[in-house]
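Undergrad: Mind looking over this structure? Questions follow.
None of the figures in this text is laboratory data; all of them are computed from the coordinates on show. Values in this document were obtained by computation on a predicted structure and should not be read as measured data. Cβ sites come from the backbone with ideal geometry, for glycine too, and all protein chains shown count toward neighbours.
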Amino acid sequence: MTHRINSNPDNPARKQLPRPRPKPSPAPPRAQPRSEAPLDLAALSAGAVEPVTSLSLATAHRTDAGRYHVREKAAAGAAPKHALDYGMNRNALDALSFVEATGWPGFQTLGLLAQLPEYRTMHETLADEVVRTWGKVVSTSKDEGAPEKINQLTQALERYKVRALVREAVIHDQAYGGAHIFPRIKDGNADALSDVPLLLTKGFVRKGSLDSFVAVEPMWVTPNAYNASDPTKPNFFKPQSWYMLSTVVDATRLFTIVSRPVSDLLKAAYSFRGVSISQLAMPYVDNWLRTRQSVSDTVKQFSITFLKTDMSQMLQPGGAYNLVNRAQLFNLTRDNRNLAICDMTQEEFAQINTPLSGLDALQAQSQEQMAAVSHIPLVKLTGITPAGLNANSDGEIRVWYDFVAGWQTANAGPLMTWILQLLQLSEFGDIDPGLSWEWNPLYELTDLELAEVREKNANTDRTLAETGAIDGKMIQDRLAGDPLSGYSAAIAERDPAELDEIAQRMLDEAMNPQDSNDGPDTDEPDPEATPAGGDRSGSNS
């Protein structure tokens, strides 16, 4: 059957059919301009050795949005656009895509970098130094039961293994840019609700309800909700709650340490943690890895052996095969205990050695740069002592102690205060504001320095006792409370009545030093002494 279409130009069916156009005749071929093939750098470097870097040793993993929970995705995109879109609209759609668009390595890569000794040493050196001398609970309270409370809190710190907890938290902060401490609090036989705020009162922390402390890796903690609209509020860009895997945890129940915070604009990119020392030290470690490998390659190939022979045989049939056989024969006999054979007329033996002077200095300088970025002295970081006449690291060690003391005060100090308050509520049922935490000095005296300090303290006590400013009981209290005095344990075991008697005798001897002498004073003449030269009271004979 044949379908006809009306010739009316307004017919829609007619408009749909395009008119056939004659095919243009093919144009005669033109001479194409000569184009150079682009340089394939990948093909040129296919046989080259890739540079050794931290990221090449620790494979980076991209963020897979499908591995996140639905609520986690919603929390990541809950921030208003105007807070994150300022200047970077294409990257601030949500926190997950924002992480992908920045240079933050991610927790997976940071965890892999922590396996390299260069990074691991940085993490553990600071952690060991923070808890090396530890600290003690001190009291400014007038409560008579304060010493007993201090003793119970000290035992509780050991029972809950707080020292190891703080060390692990420091490692997490150095490796991942943040650390989280979660207290397990019991409500009867079950765990207390984690999504409600934790107030440091006896209504929230009942006596005996504290079960343990746990250091949670930042990998398992995701921010939930945070204020991104009012920068004048104290919770601006600070998560009010967290997702610990699938559990919502209120921010007051998860103590967070961030020693190197970033700008508010980048907090979402860093998952509300800070910059880790691994990320800061990555360029310096890469330089060290390249320098170390280059020095190793140079030492391995510093000596090149030449066998000067007739290369014209390469142009003859089978010449290349014969040349290879000649080289293999030479290699088989090049050992020191073998005999190398060469043609005296057409071959000549030569050896060229690469100078190795200065390689040790270049390698040492690249290693010192890692110590600079981590604030750790070279002797602490690598165990390498300074070389040279009268060279020592005392000054660097003192500066390092100042850095660690500042880190303790700024980061670990608030954590210890929070832990002590929880321990007091669980042990006593209330918080004594007079009890606090004090870090022990990082510098430890030698035996000679300790003896000099004890001698100076004894002279000071004697001078103050002679003036009546202190008595023997005050001196005993100082000796008993000073662990470096050498008498703290001995005084604690003595009878108080005996101590009072000894203190009174010491005070009497200090106030009346002349009464303690058994013999007469040598400065005053003795009237009963016989004059020199015998008895001169008689007449002369």
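Undergrad: Classify segment 362-444: rounded, prolate or oblate, from the alpha-carbon gyration tensor (a ≥ b ≥ c, eigenvalue square roots; a/c under 1.5 rounded; otherwise prolate if a/b is larger than b/c)? Before the final figure, lay out each step's value.
TA: Values: a/c = 4.67, a/b = 2.97, b/c = 1.57.
Prolate shape, in that a/c is at least 1.5 and a/b is the bigger ratio.
Undergrad: Sequence-distant or interchain residues sharing an amide H contact under 5 Å with K238, placed H: which?
TA: HN-HN under 5 Å from K238: N227.
Undergrad: Read phi for every residue in segment 392-406 and hand back ³J(HN,Hα) as whole Hz from Karplus 6.51 cos²θ - 1.76 cosθ + 1.60, θ = phi - 60°, with x for Gly and Pro.
TA: 8, 10, 4, x, 5, 5, 5, 5, 5, 5, 4, 5, 5, 5, x
Undergrad: Of T125, T247, how do they rank once you tally other Cβ atoms within 10 Å and put the fewest first?
TA: Sorted ascending by nearby Cβ count, the order is T247, T125.
Undergrad: If you place +1 on the Cβ of every Lys and Arg and -1 on the Cβ of every Asp and Glu, how big does the dipole about the Cα centre of segment 297-373 come out, in debye to the nearest 20?
TA: Working: 5 positive and 8 negative charges, 39 e Å.
It works out to roughly 180 debye.
Undergrad: Let me ask something else. In µm²/s, what is D for segment 297-373 at 10 °C and 1.306 mPa s, where D = kT/(6 pi eta Rh) by Stokes-Einstein and Rh is the Kirkwood radius from Cα pairs?
TA: Numbers: Rh = 15.9 Å.
Rounded, D is 100 µm²/s.
Undergrad: Cα-Cα over 19 Å: which of K161/K380; K202/K233; K136/K161; K233/K267; K161/K202? Can you show the working numbers first?
TA: On the way: K161/K380 26 Å; K202/K233 28 Å; K136/K161 14 Å; K233/K267 16 Å; K161/K202 23 Å.
From the list (K161/K380; K202/K233; K136/K161; K233/K267; K161/K202), the Cα-Cα distance tops 19 Å for K161/K380; K202/K233; K161/K202.
Undergrad: By count of other Cβ within 10 Å, fewest leading, how are R454, R334 ordered? Show your work: numbers first, answer last.
TA: Details: R454 17, R334 13.
The fewest-first ordering by Cβ neighbours comes to R334, R454.
Undergrad: Based on the alpha carbons, how large is the Rg to Rh ratio for segment 124-188 when Rh follows Kirkwood?
TA: Details: Rg = 15.0 Å, Rh = 13.9 Å.
Expressed as Rg/Rh, it is 1.08.
Undergrad: What list of ³J(HN,Hα) values in whole Hz, one per residue of segment 410-418 in order, does the Karplus curve 6.51 cos²θ - 1.76 cosθ + 1.60 (θ = phi - 60°) give from phi, with Gly and Pro shown as x?
TA: 7, 10, 7, x, x, 5, 5, 5, 5
Undergrad: List T446, T417 from most exposed to least, where exposure is judged by having the fewest other Cβ atoms within 10 Å.
TA: Working: T446 8, T417 13.
The order, fewest Cβ neighbours first, is T446, T417.
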